[in-house]
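Undergrad: Submitted below is the structure of interest, expressed as structure tokens.
The values are calculated or read from the model by the stated rules, or taken from the named source; none is laboratory data. Source: prediction; values computed, not measured. Here the Cβ positions follow ideal geometry from the backbone for every residue, glycine too, while neighbour counts run over all protein chains shown.
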Amino acid sequence: MRCIWGTVPDMESNEAGLPIVFVHGMRVSGTMWRPVIQALGERHPIAAPDLPGHGTRRGEPFTLPGAVEAVSDAVDQLGGRALLVGLSLGGYVAVATAGAHPDRVLGLMAMGCTALPRGAFGAVYRAAGRLAARHPEEFNRLSAFAFRRALPRPQADAMLAGGLSSEAVPGIVEAVREMDPLASLAAYPGPVWLVNGERDHFRCHERRFLNACRDGRLTVRPRCGHITSLTDTAELTRHVRDAAAAITARTHGSAPQGGQR
């Protein structure tokens, strides 16, 4: 498991910040979160595990239970409870983890993952998965080109630093198609932040996802797409800090922050 850690206590409060586990997207690795982790600094204990089939675990078959186990293991290494932050595949995995292990998830920030992976939408990505399986190295090259076109260099470098794993795409697509993210959200009683880019095609069922949450709020980031939501590291870091602060306030007995529905 690849982990990036930040465990130095805050010098003013003499306490470590809220533990955070970042969960990466499809065919990349935990390195994709490096710009945000660096921007957060050293107050928060942080982990960014590689999911099965990705990064340091390339070649392993991807399964949803295996991905959930990777995230829950990372939570355990940070003390047993953490805020989960995931984008795309990472968002779906974070949602599944929260539903399966609600007592270990202090809060959930799920980004770019509010599309039900079935019907016509699922069929498109199933076809993309078959194409990736037939030509994985070409798919890797096209993905690298797309990341470098869409993102500033530091963010693109982070996306590519752990390598690309397009050969894992078909198994990922099938695993996600079989999950029930709405049931997972309904099973999780803690705070949920759904964060989508305005131009993200994965936001098509966001209202159904929001309504499934027992304590949810939705943020739509103007002019952002699925991957370009990573472009503004400062704004994304602010979202993570705000979620961590809201959870900390609840833990210390302050009134919970509400969200828009």
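Undergrad: Being hydroxyl-bearing (Ser, Thr, Tyr) and in contact (Cβ under 8 Å) with a residue 60 or more places away in the chain is the filter here, so list the residues in the range 168-219 that pass it. Show your work before the answer.
TA: Step one: of the range 168-219, the residues hydroxyl-bearing (Ser, Thr, Tyr) are 184, 188, 219.
Listed by number, the residues that qualify are Ser184, Tyr188.
Undergrad: Report every pair of residues separated by at least 6 positions or lying on different chains whose Cβ atoms are under 7 Å apart, first residue within the range 152-167 and under 20 Å from Glu60 (Cβ atoms) and touching a residue at least 12 places away in the same chain (Cβ under 8 Å), second among the polar types (S, T, N, Q) and assigned to a helix (DSSP H, G or I).
TA: Close Cβ pairs (under 7 Å, with a partner that is among the polar types (S, T, N, Q) and assigned to a helix (DSSP H, G or I)) amount to Ala161/Thr31; Gly162/Thr31; Leu164/Asn140; Leu164/Ser143; Ser166/Asn140; Ser166/Ser143.
Undergrad: Every residue in the range 183-204 that is out of contact with any strand residue (DSSP E or B) (no Cβ under 6 Å at 6 or more places or on another chain), surrounded by fewer than 19 Cβ atoms within 10 Å (Cβ to Cβ) and more than 12 Å from Gly99 (Cβ to Cβ), please. Can you show your working first?
TA: From the range 183-204, those out of contact with any strand residue (DSSP E or B) (no Cβ under 6 Å at 6 or more places or on another chain) are 183-189, 199-202, 204; that's our starting set.
Now drop any that are not surrounded by fewer than 19 Cβ atoms within 10 Å (Cβ to Cβ), which leaves 183, 186-187, 189, 199, 201, 204.
Arg199, His201, Cys204 - these are the residues of the range 183-204 that are out of contact with any strand residue (DSSP E or B) (no Cβ under 6 Å at 6 or more places or on another chain), surrounded by fewer than 19 Cβ atoms within 10 Å (Cβ to Cβ) and more than 12 Å from Gly99 (Cβ to Cβ).
Undergrad: Could you please find all residues in the range 176-207 being within 17 Å of the chain's Cα centre (by Cα) and of a type in the set (A, V, I, L, M, F, W, C)?
TA: Val176, Met179, Leu182, Leu185, Val192, Trp193, Leu194, Val195, Phe202
Undergrad: If you take the residues of the range 126-158 that are touching a Pro at 6+ places or on another chain (Cβ under 7 Å) and closer than 19 Å to Val173 by Cβ, which of them is modelled with the lowest pLDDT?
TA: Gly129
Undergrad: I would also like to ask the following. Where residues in the range 27-69 are of a type in the set (Gly, Ala, Ser) and surrounded by fewer than 21 Cβ atoms within 10 Å (Cβ to Cβ), which of them is nearest to His239 (Cα to Cα)? Spell out how you get there, then give the answer.
TA: We begin by selecting, within the range 27-69, every residue of a type in the set (Gly, Ala, Ser); these are 29-30, 39, 41, 47-48, 53, 55, 59, 66-67.
Still in the running and surrounded by fewer than 21 Cβ atoms within 10 Å (Cβ to Cβ): 39, 41, 59, 66.
Details: Ala39: 12, Gly41: 15, Gly59: 33, Gly66: 28 Å.
Across the range 27-69, the extreme among qualifying residues is Ala39.
Undergrad: Which residue pairs have Cβ atoms under 8 Å apart, sit 6 or more places apart or on different chains, and have a first residue in the range 227-252 that is closer than 20 Å to Gly25 by Cβ and touching a residue at least 40 places away in the same chain (Cβ under 8 Å) and a second that is among the hydroxyl-bearing types (Ser, Thr, Tyr) and part of a helix (DSSP H, G or I)?
TA: Leu236/Ser229
Undergrad: Any residue in the range 79-108 that's part of a strand (DSSP E or B): show its pairings with residues that are of a type in the set (Asp, Glu) at Cβ separation under 6 Å, as long as the two are six or more apart or on different chains.
TA: As it stands, the answer is none, since no pair meets every condition given.
Undergrad: Something else now. Would you be able to tell me the number of residues in the range 129-182 that are under 30 Å from Gly99 (Cβ atoms) and of a type in the set (Asp, Glu)?
TA: Total meeting the criteria: 4.
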